[in-house]
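Below is one structure, written out as structure tokens; comments come after it.
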Amino acid sequence: MDDKNCQDCCPYHAQLDELRRTNGSLTELNSQLQRAQDQLVQSEKLASIGQLAAGVAHEINNPVGYVFSNFGTLEKYLAELFRMLAAYEEAEPLLAGTPAAGRLAALREEIELDYLKEDVPQLMNESREGISRVRKIVQDLKDFSHVDARREWEWADLHRGIDSTLNIVNNEIKYKADVVKDYGQLPQVQCLSSELNQVFMNLLVNAAHAMPGGEKGRGTIHVRTGTEGGEVWVEIEDNGCGIAKENLGRIFDPFFTTKAVGQGTGLGLSLSYGIVQKHHGRMEVDSETGRGTRFRVTVPVSQPAEAAA
């Protein structure tokens, strides 16, 4: 190609390069906007889940209250009926040799009266325990969502929040791991309790998902708490598969996940990290492939005056 043709092509190549750079910048900007939009959508979803949990808890709480109240009355009625039955049994020998005595003996055998007297109290105790568990789940839903707290900074018991969250995610954990709690003495902490509960939930669910399961057996999740200076810390440690060294620096990045496609959004840890930062705290991780993972969440006992305001 002669010099003239080369000179004619140079402006074209320069414009093409500029267009490519512009296109690359626009593509990156569009990706950033898409990530921000997706994160906002996820945030709204989490808020909606909290509101839904509070609504469900409220709707269930009323009928459960009726059942619980009526159950107590029923137990009193049954106790009176058993007293009357005992009086009839005491009088039964007086009817010996009469047609009524024969009919009573046949009826006793038909309905298995002795078995009923043992089984009915046991059924009542089991039913009372079941209703109590439903009430506990409803209360945990209310504590977890805390929608009625108006999203204001409040003084909260972190142990209560952890226990409520453990009950909420029990179905995710119970088939995969045993939970060992080692709680220290914690003061009340000034925080957004529903958001910290979200952090605990993400860490607990991730710990459960890290367990090998199957023939390799159950794992163990340790939940520890303590204080240091003017701060409190919560540790959640598992003995699961661990995180590869090359991934440790990216686990808090939005949309980064090591889970299979469709099994994770990659937002749980990034949102949790943002919540902890909002609380002027820090989130640390120690992990090794095959050994397990330990997350430590540290937050101040009280927030700076300007933040709490």
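The values are calculated or read from the model by the stated rules, or taken from the named source; none is laboratory data. Just so you know, these numbers come straight off a predicted model, no measurement behind them. Don't worry about glycine lacking a Cβ; one is built from the backbone with ideal geometry, like all the others, and counts go over all protein chains shown.
Checking each residue of segment 239-261 against the condition of being surrounded by 17 or more Cβ atoms within 10 Å (Cβ to Cβ) and at pLDDT 85 or above gives at least one match. Counting only residues that are more than 17 Å from E195 (Cβ to Cβ) and modelled with pLDDT under 80, segment 268-309 holds 3 of them. Pairing residues of segment 82-104 that are at negative phi and among the polar types (S, T, N, Q) with residues that are modelled with pLDDT of 85 or more and surrounded by 13 or more Cβ atoms within 10 Å (Cβ to Cβ), at Cβ distances under 6 Å and at least 6 apart in sequence or on separate chains, gives no pairs at all.
Restricting the first member to segment 184-209 and to residues that are within 19 Å of R282 (Cβ to Cβ) and outside the structural domain of E237 (by TED's automatic domain parsing), and the second to residues that are at pLDDT below 90 and outside any helix (DSSP H, G or I), no beta-carbon pair is closer than 7 Å while six or more apart or on different chains. The single condition among (1) free of Cβ contacts under 8 Å to residues at least 40 places away in the same chain; (2) over 15 Å from the mean Cα position of the chain (by Cα) that E172 does not meet is (2).
When segment 63-119 is limited to residues that are outside any helix (DSSP H, G or I) and of a type outside the set (S, T, Y), the one that is surrounded by the fewest Cβ atoms within 10 Å (Cβ to Cβ) turns out to be G97.
Checking the condition assigned by TED's automatic domain parsing to the domain that holds Q122, within 30 Å of M124 (Cα to Cα), among the aromatic types (F, W, Y) and modelled with pLDDT of 85 or more, which residue from Y77, Y66 passes? If you could, list the steps in order and put the result at the bottom.
Working: Y66 fails: modelled with pLDDT of 85 or more.
When all the criteria are applied, what remains is Y77.
Listed here are the strands (runs of 3 or more DSSP E) enclosed by segment 143-225 that have at least 3 residues being at pLDDT 85 or above and surrounded by fewer than 19 Cβ atoms within 10 Å (Cβ to Cβ): 177-182. Residues in segment 158-174 that are closer than 13 Å to V189 by Cα and out of contact with any helix residue (DSSP H, G or I) (no Cβ under 8 Å at 6 or more places or on another chain): H159 only.
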